[in-house]
């Protein structure tokens, strides 16, 4: 089919309109793609900011739990008497009570002067976390019917005393026949020599 000059003249406005509409359509597509890219970037930024905010909130909650745990632990130490001056009179009375309650044969002990703990007890030494760690070394001798007497005594001491009691060493040997004077009641079968560390904390000044 051949188009004459007259036909082309009639179609030129239609062609021009088609070109204009094509250009407008292309521009709208470009604008839509640009808007979509901007929306995607904004969405990624929003997600990143939300994740960062959630991370900060999670970190804050973890810090809050840690602080609360430390406060609870401090209160527990305070209630147990671990923090503050040592309570030797209380210790002596409690040892007497344990001896009577467990019907132990004989307990002899001596507390040495209080001193800072050494690195054998605490690797960091006597100072840590705002506190000084102090210990009173106890030299303990017990006459025993059996090993459970010693184990029960140490268990009660560690559970009830207003100090952190650490057994540093303990040596048990049989009591030779005839080595103890005549006495009423059962004769001891064992002898224990132990060293205990009675540790308390004091706030650094």
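The values are calculated or read from the model by the stated rules, or taken from the named source; none is laboratory data. Source: prediction; values computed, not measured. Cβ placement follows ideal geometry from the backbone for every residue including glycine, while neighbour counts extend to all protein chains displayed.
Structure notes:
Yes/no matrix, rows are residues, columns are (1) at pLDDT 70 or above; (2) assigned by TED's automatic domain parsing to the domain that holds residue 188:
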{"site": "28", "(1), (2)": "yes, no"}
{"site": "40", "(1), (2)": "yes, no"}
{"site": "48", "(1), (2)": "yes, no"}
{"site": "61", "(1), (2)": "no, no"}
{"site": "93", "(1), (2)": "yes, yes"}
{"site": "97", "(1), (2)": "yes, yes"}
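- Test: residue 177 is within 40 Å of the chain's Cα centre (by Cα) and modelled with pLDDT under 85: no
- Residue among 104, 121, 166 that alone is on the phi < 0 side of the Ramachandran plot, in contact with a helix residue (DSSP H, G or I) (Cβ under 9 Å, 6 or more places away or on another chain), at pLDDT below 95 and assigned to a loop (DSSP other than H, G, I, E, B): 104
- All conditions in (1) out of contact with any strand residue (DSSP E or B) (no Cβ under 9 Å at 6 or more places or on another chain); (2) modelled with pLDDT of 75 or more hold for residue 79, with the sole exception of (2).
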